[in-house]
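Single-structure report; data block below.
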Amino acid sequence: MGVPVTGPGFGPRVTVDDLMASLPDEPDPLWSLIRREASVGAANEPQLASTLYASILVAESLEESLATVLANRLDAPYFQATQWAELFREVAADDPTFGVGVRADISAVMTRDPASAHAVVVVLYYKGFHALTCHRLAHWLWRRGRCSLALYLQSAVSSRFGVDIHPAAVLGQGVMMDHATGIVVGETAVVGNNVSLLHNVTLGGTGKTGGDRHPKVRDGVLIGAGASVLGNVVVGDVAGGAVVSGVPAKVVGTLRFSGGSRGMPALSMDHRESVVLASAGGGEAEKVRAEGVAVREAVESVGGDDDHEYII
């Protein structure tokens with residue numbers, strides 16, 4: 001079929017592009033790849049064979065596999081795995097966007113995370129993906145008026161995975177929560193498609209006032225580790241490539257995107273993208289590569305008039 005299925009561990013790494021090119025006639029190429037990787041893993045590591053068979057190889061679909069994997073992660077004395085599995089089957093049968101979303105999320109991790117060599121590893125072990133998939137169930141429950149159960153699932157996910165997403169929050173497709181620990185997403189937050197969130201990101205409110213009070217994150221946005229975005233603000237609603245800083249936010253420069261990012265920082269995952277500052281001066285223009293230094297700090301450090309450009 002063109003996709004390698006031999007080698008140590010779960011076999012050789014297969015990119016999303018390789019996958020689509022090698023399995024053009026498969027109705028669900030991602031699921032086919034996951035099953036092949038699981039087969040290789042079971043042969044190479046007998047201690048994992050029973051886990052791989054029970055969670056992947058006996059399942060008829062990716063949705064059924066996820067129901068098994070996540071139900072066992074959420075299993076508790078008073079709400080058992082069989083109950084969770086049935087709920088995951090319900091959402092998969094009722095809402096076609098559930099299956100589309102989880103496939104886009106797996107592909108997002110494979111494409112953007114250099115540590116993710118195998119789709120089967122994302123399905124089995126990645127808690128950011130697990131928390132996001134559980135949120136898709138919780139949001140489905142919330143929209144159907146089953147709010148008490150949705151809140152129970154939110155609490156269980158927070159305890160198991162260290163990720164706290166309110167069931168009412170709206171999350172798009174192709175979202176990656178890298179590492180995921182400490183991510184908090186509030187009730188009225190909206191996250192677009194192809195967004196990347198790193199650990200300890202907060203999309204929160206600013207006080208106890210109700211109503212629409214949480215951030216709205218546009219498509220393709222990358223929010224780095226430890227960032228706190230508070231209030232009913234829009235992230236990504238500026239001119240293409242603009243860099244904003246300060247309170248209130250002001251445009252301080254323009255982002256120069258790396259190749260292959262399609263103008264979306266979330267796709268390149270490059271925290272050191274070049275920025276041409278709109279306000280800098282105090283001498284001849286110089287080039288400085290941003291190595292984790294905040295754009296605001298760079299602006300303050302150069303100071304001066306508006307007659308020069310800096311690259312950071």
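The values are calculated or read from the model by the stated rules, or taken from the named source; none is laboratory data. Since this is a predicted model, take the numbers as computed values, not measurements. Don't worry about glycine lacking a Cβ; one is built from the backbone with ideal geometry, like all the others, and counts go over all protein chains shown.
The table for this structure:
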{"read-out": "Qualifying residue in the range 158-180 (condition: free of Cβ contacts under 8 Å to residues at least 40 places away in the same chain, out of contact with any His (no Cβ under 8 Å at 6 or more places or on another chain) and assigned to a helix (DSSP H, G or I))", "value": "yes"}
{"read-out": "Filter result (β-branched (Val, Ile, Thr) and in a loop (DSSP other than H, G, I, E, B)) within the range 191-206", "value": "Val195, Val201, Thr206"}
{"read-out": "Scan of the range 186-229 for residues that are of a type in the set (Ser, Thr, Tyr) and under 13 Å from Met176 (Cβ atoms), ordered by number", "value": "Ser196"}
{"read-out": "Asp113 in the same structural domain as Thr51 (by TED's automatic domain parsing), acidic (Asp, Glu) and buried (at least 21 other Cβ atoms within 10 Å of the Cβ)", "value": "no"}
{"read-out": "Helices (runs of 4 or more DSSP H) completely within the range 1-106 that count 3 or more residues being more than 21 Å from the chain's Cα centre (by Cα) and within 26 Å of Phe161 (Cα to Cα)", "value": "29-44, 46-52, 62-74, 81-94"}
{"read-out": "The range 180-210: number of residues that are closer than 13 Å to Leu230 by Cβ, among the hydroxyl-bearing types (Ser, Thr, Tyr) and crowded, with 17+ Cβ neighbours inside 10 Å", "value": "2"}
{"read-out": "Given (1) farther than 20 Å from Ala180 by Cβ; (2) at pLDDT below 95; (3) not aromatic (Phe, Trp, Tyr), index of the condition Asp113 fails", "value": "(1)"}
{"read-out": "Subset of the range 39-79 that is among the aromatic types (Phe, Trp, Tyr) and modelled with pLDDT of 95 or more - its residue that is surrounded by the fewest Cβ atoms within 10 Å (Cβ to Cβ)", "value": "Tyr53"}
{"read-out": "Every residue from the range 209-252 that is at pLDDT 85 or above, assigned to a loop (DSSP other than H, G, I, E, B) and charged (D, E, K, R)", "value": "Asp212, Arg213, Arg218, Asp219"}
{"read-out": "Long-range neighbours under 9 Å by Cβ, at least six apart or interchain, first residue under 15 Å from Ser158 (Cα atoms) and touching a residue at least 12 places away in the same chain (Cβ under 8 Å) within the range 65-80, second among the basic types (Lys, Arg) and crowded, with 16+ Cβ neighbours inside 10 Å", "value": "Arg73/Lys127; Arg73/Arg160; Leu74/Arg160"}
{"read-out": "Yes/no for Val163 being at pLDDT 95 or above, under 15 Å from the mean Cα position of the chain (by Cα) and within 16 Å of Lys216 (Cβ to Cβ)", "value": "no"}
